[in-house]
1. Amide H of residue 196: which non-local residues (sequence gap of 5 or more, or other chain) have their own amide H closer than 5 Å, using H built in the peptide plane?
2. Roughly how many debye, to the nearest 20, is the charge dipole of the chain about its Cα centre, given +1 on each Lys and Arg Cβ, -1 on each Asp and Glu Cβ, and no other charges?
3. As a test of reading the structure, rank 287, 164 by solvent-accessible area (1.4 Å probe, protein chains only), most first.
4. Do any of 93/275; 248/295; 139/273; 139/295; 93/122; 108/139 go past 28 Å between their Cα atoms, and which?
5. Between 160, 272, 65, where does the largest GNM mean-square fluctuation fall for the chain, given springs only between Cα atoms within less than 10 Å?
6. If you average over every viewing direction, what projected area does the convex hull of the Cα atoms of the stretch 242-310 give, in nm²?
7. What's the FRET efficiency of residue 158 with residue 45 using the Cβ-Cβ distance as r and R₀ = 41 Å, to the nearest 0.05?
8. Can you give the % of DSSP beta bridges in the chain that are antiparallel, to the nearest 5?
Amino acid sequence: MIKMENKIIAVAPMQGYTDAPFRHFHSAIYDGAGDMYCSPFIRVEHGEIRRRDLRDITSEFNSGMNLLPQIIFRDLDEFRRLVEAVAGAGYGKIDLNMGCPFPPQVKKGRGAGMILNPAELKRIVSAVNSYQEIHFSVKMRLGVTSPDEFRGVVPLLNEMRLEHVTVHPRVAAQQYGGELYMAQYEELRDALSHPVIYNGDIISPADINAALSHGDGAMIGRGILARPSIIAEWREGREWNDSERLEKILQLHAGIFDHYEATLCGDAQILMKIKPFWDYLEPEIGHKSFKLIKKATSVAKYQSAVATITD
Ligand SMILES: Cc1cc2nc3c(=O)[nH]c(=O)nc-3n(C[C@H](O)[C@H](O)[C@H](O)COP(=O)(O)O)c2cc1C
């Protein structure tokens, strides 16, 4: 496996999965793993910045990590409030979400919706360039319904002072499946004056090399959840066998589970937070254990279900 070490390997933001405990234990157990971890988006909800989003970036689990906090906004007002809050929490870099595909967000002009609102984006550009002390970046898709909609915002993106632009070569209407529009991705990459990080369907260490040939870095989302060792394997230049992968998955789980058990109150809360850990891991742990874990109604039953993985 050829390695391209000077390019960045980032862990993608995933709401409900890659929060602070996951990022911390992932980095600790896989020897540093990602060069950078992006936080799930921080948002304004019912007129207020969500407290738990801010708690995620201020958690002590972030210390020593290269965390890139991400915000999602519909207009200049939300943008400013979120930037002030993230900067107030001590961060000097912020990622701007222009890719979220969820229809309720997109309809309000947030996430990928921003690609279709160049008038508002123009106001954001001026604001970005006025925050001299903050390093901004963008994470985006190619469009909302058509993969050439990005063309309308390229000049604005190039006017922005950005560290990099991460591109997922799909449109919002596709959510997370279907064709990757590589020709349009390459057109966007070549039109941008910023470094471009490729993001999409990286599920094996070899895929990381392919991704790096498309840009200045690779960002991995679901591949991290399905194969948490993917970056460590790539760095080693060697694919791990089943038992090597499983051993580390169980260590990762133990770190996160112990944290939730120590800090949350009651079985329901603990199970709600920990069960999603397994969502993408059925191929690694087998159907039987996967089903038992999903069906567990108490922490005791859950622990017995997890124990069946190594039976
Ligand atoms: C459950 C889930 C939650 C996500 N949350 C976010 C988010 O908060 N911010 C964001 O920019 N992208 C989010 N994404 C998109 C991922 O960061 C990534 O762009 C997408 O999954 C494509 O990469 P992949 O094929 O490597 O998974 C989310 C994706 C999933 C599946």
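1. Residues meeting the amide H criterion: 165, 216.
2. On the way: 36 positive and 40 negative charges, 165 e Å.
The calculation lands at about 800 debye.
3. On the way: 287 110, 164 25 Å².
Per-residue accessible area, sorted high to low, gives 287, 164.
4. On the way: 93/275 31 Å; 248/295 24 Å; 139/273 26 Å; 139/295 36 Å; 93/122 20 Å; 108/139 18 Å.
Exceeds cut-off: 93/275; 139/295.
5. Its mean-square fluctuation being the largest, the pick is 272.
6. Values: hull surface 16.3 nm².
Result: 4.1 nm².
7. Values: r = 32 Å, r/R0 = 0.77.
Efficiency computed from Cβ-Cβ geometry: 0.80.
8. Numbers: 2 of 32 bridges.
In the chain, DSSP labels about 5 percent of beta bridges as antiparallel.
The values are calculated or read from the model by the stated rules, or taken from the named source; none is laboratory data. These numbers were taken from a predicted model, which means no experiment stands behind them. Cβ coordinates were reconstructed from backbone atoms using ideal geometry, including for glycine residues, and neighbour counts include every protein chain displayed. The accessibility values were calculated without ligands, DNA or RNA, using every heavy atom of the protein model including side chains. Shrake-Rupley method; radii C 1.70, N 1.55, O 1.52, S 1.80 Å.
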